[in-house]
1. Could you identify the single residue in T194, T243, T260 that is in contact with a strand residue (DSSP E or B) (Cβ under 6 Å, 6 or more places away or on another chain) and at negative phi?
2. Could you please give the count of residues in region 302-321 that are open to solvent by 10 Å² or more (accessible area, probe 1.4 Å) and either closer than 16 Å to L61 by Cα or not in a strand (DSSP E or B) (or both)?
3. Checking the conditions here, which among I51, I85 is in contact with a Phe, Trp or Tyr (Cβ under 7 Å, 6 or more places away or on another chain), among the β-branched types (V, I, T) and touching a residue at least 24 places away in the same chain (Cβ under 8 Å)?
4. Six or more apart or on different chains, Cβ atoms under 6 Å: show the pairs whose first residue is in region 9-20 and closer than 14 Å to E181 by Cα and whose second is assigned to a helix (DSSP H, G or I) and open to solvent by 30 Å² or more (accessible area, probe 1.4 Å).
5. Examine region 30-39 for a residue that is assigned to a strand (DSSP E or B) and open to solvent by 30 Å² or more (accessible area, probe 1.4 Å), and state whether such a residue exists.
6. Could you grab me the full set of residues in region 109-139 that are at pLDDT 95 or above and among the aliphatic types (A, V, I, L, M)?
7. Residue pairs, Cβ under 8 Å, 6 or more apart or interchain, first in region 97-117 and without any contact (Cβ under 8 Å) to a residue 60 or more places away in the chain and closer than 22 Å to K232 by Cβ, second open to solvent by less than 70 Å² (accessible area, probe 1.4 Å) and outside any loop (DSSP other than H, G, I, E, B). List them.
8. In the list R285, R277, which residue meets the criterion of being part of a helix (DSSP H, G or I), open to solvent by 60 Å² or more (accessible area, probe 1.4 Å) and under 27 Å from A397 (Cα atoms)?
Amino acid sequence: MPEDTLFAEVLDPANRADPYPIYARLREKPVSRQSDGSVVVSTHAAIRSLIFDPRLSSEDLPPSRRPRTGNPIKDWLLNPIKDRIVTAHRPLIFRDPPDHDTLRGVVMREFSVTRVQALRQRVERDVDALIEGCRGRDEICLVEDFSYPLPVAVICDMLGVPEKDEPQFQSWASQLATALEPDTRHDEASRHRTAAAFDAISGYMRALIREKRRRPTPDLLSALAAPSPNGKPAMGDFDLISTAILLLVAGHETTVNLITNGMLTLLRHPHEWDKLRADPERAPRVIEELLRYEPPVHFRTRKALGTIEIAGHTIPKGAPVILLFAAANRDPARFAHPGRFDPDRDDVQHFGFGGGLHYCMGAPLARIETEIALVALSRRLVAPRLLSDPPPYRSGASLRGPEQLGIGIGGVV
């Protein structure tokens, strides 16, 4: 295939099960201009040099544009106002400094290590309950039975979303996650579905925030909605709504993939599964290698605000830029035997949670959930085996993970 269409092959669902041979070809040219005008950056050194570059902007989403309804008041007055508000108050992962830094600072003051660590017992209880629900069966779907319900329950608990409302979020979150996919964010039908999902979840969050202000509880959303010491809100309502949506969506979409990819990888490497079962203290090393070897997010997009010279190549001003983190994670110039899953390797400086200003805020929580989950699964599932390999994958190339993961088991202990 021509070099300037390789990234189109990455986006092709037919290559979702194993995109790594395509990544290897892209690494042959660290900065590769594609036929659609985008620039793919795929080596560890090149991405490391760009992640803090202020000439790369995260504000690369197309402006919000709701579909015509035939109602003149909506089409010419209400929806244009909504579009301007949504465009101006996007989630902070699509914002540049100083707005990004201000919003992130507010969130990180409340999304503290203490708050995350306080969830550990809740995660352990949920993990044990989900595994117990598999008792008496000889087959399970890890995604449906475990790796989806766990992070949804945890992030809803952390935010203060009532448990009865959790089922509403699956369709909203799945649609909103398509904003990370370059091929769907410019598709009109997908954009319309995204606008509808955003409106629905925004309405829900607006009502929930009002309730938190009337009756605060010890959760993250109550803390973010509370006034600061000077009596003013720490962030405006529109930014608070978009931040709450981001935390809810990102707080479970990536962790679903990390747990599922982790289980798939360990069952493909039974000796490592046995080692983890025998020595749960290995778990942190296993998680870091999983984040390198099979990360939950494979790339993020940016926009060049100016001309950038890098690795002997030029990124033109205005060009869309794809930072291909998963390719960098298997760069042989940075990692010995990069295609080998090896939790005992040293110096695992991966991009599993991205990097730079937009390093994943929820990384500590994702690590805790995945560690507890994989240790408990290795301890309690009897003789687990993959029912199909490769499994069917979700459609997204950026948020990459199995849609289902069928596992045969000999029981639960």
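1. Details: T194 fails: in contact with a strand residue (DSSP E or B) (Cβ under 6 Å, 6 or more places away or on another chain); T243 fails: in contact with a strand residue (DSSP E or B) (Cβ under 6 Å, 6 or more places away or on another chain).
Only one candidate qualifies: T260.
2. First, the residues of region 302-321 that are open to solvent by 10 Å² or more (accessible area, probe 1.4 Å): 302-303, 305-307, 309-314, 316-318, 320.
Narrowing further to those that are either closer than 16 Å to L61 by Cα or not in a strand (DSSP E or B) (or both): 302-303, 305-307, 311-312, 316-318, 320.
The qualifying residues number 11.
3. Details: I51 fails: in contact with a Phe, Trp or Tyr (Cβ under 7 Å, 6 or more places away or on another chain).
So the residue among I51, I85 that is in contact with a Phe, Trp or Tyr (Cβ under 7 Å, 6 or more places away or on another chain), among the β-branched types (V, I, T) and touching a residue at least 24 places away in the same chain (Cβ under 8 Å) is I85.
4. Note: pairs meeting the criteria are E9/N15; L11/D183.
5. To start, the set of residues in region 30-39 that are assigned to a strand (DSSP E or B) comprises 31-33, 39.
Add one more test, that the residue is open to solvent by 30 Å² or more (accessible area, probe 1.4 Å), and what stays is 33.
Checked region 30-39: at least one residue is assigned to a strand (DSSP E or B) and open to solvent by 30 Å² or more (accessible area, probe 1.4 Å).
6. Within region 109-139, V123, V127, A129, L130, I131 qualify.
7. Filtered contacts from region 97-117: D99/L92.
8. Details: R277 fails: under 27 Å from A397 (Cα atoms).
Only one candidate qualifies: R285.
The values are calculated or read from the model by the stated rules, or taken from the named source; none is laboratory data. Everything numeric in this text was worked out from a predicted model, so none of it was measured. For neighbour counting, all protein chains shown are included, and Cβ atoms are generated from backbone atoms with ideal geometry for every residue, glycine included. Remember, those area values only see protein heavy atoms, side chains included, never the ligands or the DNA or RNA. Shrake-Rupley method; radii C 1.70, N 1.55, O 1.52, S 1.80 Å.
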